1. Does segment 70-116 come out rounded, prolate or oblate by the C-alpha gyration tensor, with a ≥ b ≥ c the root eigenvalues, rounded set by a/c under 1.5 and, if not, prolate when a/b is larger than b/c and oblate if not?
2. Ignoring ligands, DNA and RNA, what accessible area per residue does the chain give at 1.4 Å, in Å²?
3. Report ³J(HN,Hα) in whole Hz for each residue of segment 21-33, in order, from the Karplus equation J = 6.51 cos²θ - 1.76 cosθ + 1.60 where θ = phi - 60°; Gly and Pro get x.
4. Can you give the extra length, in nm with one decimal, that the chain gains between N111 and A133 once fully stretched, where that is 0.36 nm per residue apart less the Cα-Cα distance?
5. Taking the Cβ-Cβ separation of L140 and S119 as r and a Förster radius of 25 Å, what is the calculated FRET efficiency to the nearest 0.05?
6. Under a 5 Å amide H to amide H cut-off, with H placed in plane at 1.01 Å, what residues pair with T65 once short-range neighbours are removed?
7. If r is the Cβ-Cβ distance from T58 to T90 and R0 is 22 Å, what FRET efficiency results, to the nearest 0.05?
8. Based on the alpha carbons, how large is the Rg to Rh ratio for segment 111-160 when Rh follows Kirkwood?
Amino acid sequence: ATGGGVVNVATSGVMTTVKGTLNVDEAVTLDTTLDVTGNTAVTGTLSAATGSTIGNLTLANGSITDSSGAISFGDENISTTGTISSGSSTLSSLTVSGATALNGGLSMDTNKFTVADTSGNVATAGTLAVTGASTLSSTLDVTGDTSVSTFDSSGATSLATGGGAVNV
């Protein structure tokens, strides 16, 4: 065995038992499955083929899936410098820093506040309270009674009444 030749320890198909620690100083090639009973410690990098499984997790090129259909990170944070994309998502809260692009419209509590995707039209099912100045660059249509405590107009102003328009 010290001359560098092949060493056959047992007959093919028969189990060989090593009592104590097996120390191998160079690469090992196994021709079939390696079954380990007990814990395994890998102190270097573990390389495996795509589609390898650990428990219920399957690790594939660019994908981690669980046979249950859900992966939980508990109360751990997840971060990325890349893009996050998903199907329908349910979040208990969301904090966004910086400019945010919401494509496809915006809807809160089904129809309580919406911004239409194609037109940008805004609808609210509640009261719109504005504490600062408002600038309207087109027509203001009001349905229902309207009260104005102070009205300041520069230019021609018309008020439509039940009896027609009144120019002020």
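1. Prolate, because a/c is 1.5 or more and a/b exceeds b/c.
2. 97
3. These are the phi-based 3J(HN,Hα) values: 8, 9, 10, 10, 8, 10, 4, 10, 10, 10, 8, 8, 5 Hz.
4. Answer, rounded to one decimal: 5.3 nm.
5. E(calc), rounded to 0.05, equals 0.90.
6. T58, A60
7. Efficiency, from the Cβ-Cβ distance: 0.40.
8. 0.99
The values are calculated or read from the model by the stated rules, or taken from the named source; none is laboratory data. What you are looking at is a predicted structure, and each value in this text was computed from that prediction instead of being measured. Glycine gets a Cβ as well: all are built from the backbone with ideal geometry, and neighbour counts include every protein chain shown. The accessibility values were calculated without ligands, DNA or RNA, using every heavy atom of the protein model including side chains. Shrake-Rupley method; radii C 1.70, N 1.55, O 1.52, S 1.80 Å.
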